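Here is the structure we will look at.
Laboratory data are not the source of any read-out in this text; all were calculated from the coordinates shown. The model shown is predicted, which means the values in this text are computed figures rather than measured ones. No Cβ is skipped: glycine too gets one built from the backbone with ideal geometry, and neighbour counts run over all protein chains shown.
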Amino acid sequence: MFADRFLSGVNLTHVQNSNGVLQISFSGSPIDGHKTVWKMTMDASGDEFTPATMTQIVNSEFEKTFTFVAYTNVGACRVPSVMSYTVMAYSPAMPPAVRVSGLTKVESVSIPEKIADATFRLDPATAK
């Protein structure tokens, strides 16, 4: 299972497996000096890295949630093809409010054989 392979090489202290859903939390890079936390949910029994949601929380002031509605194949790799997003703002004086929301759909993808000076390498031979 992908979840087991993913977690074996990562030092995460906040991982929960509840009813077949893996919930992972980890610290992110600061934004304007504010702490950030990422939360990710994915199918614990899946054999690929296909998160259902990823949420970025910034200093308990706002959060951005990305929901991956659908995935598609690009070569031998799985990538999100439909993604919705919501940005919520929090204020001590007011209830949470949606600031931005939307939906993105990938219509077509073109990936060059080699990307110059890139750390990431798309290698279909290693993908499942």
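Positive end of the dipole of region 2-105, charges at C-beta (+1 Lys, Arg; -1 Asp, Glu), about the Cα centre: which of 77, 88, 15 has its Cα farthest in that direction?
88
For region 2-105, what ratio Rg/Rh do Cα atoms give with a Kirkwood hydrodynamic radius?
Result for region 2-105 is an Rg/Rh of 1.00.
Can you put 78, 99 in order of Cβ neighbours within 10 angstrom, beginning with the fewest?
Going from sparsest to densest Cβ surroundings: 99, 78.
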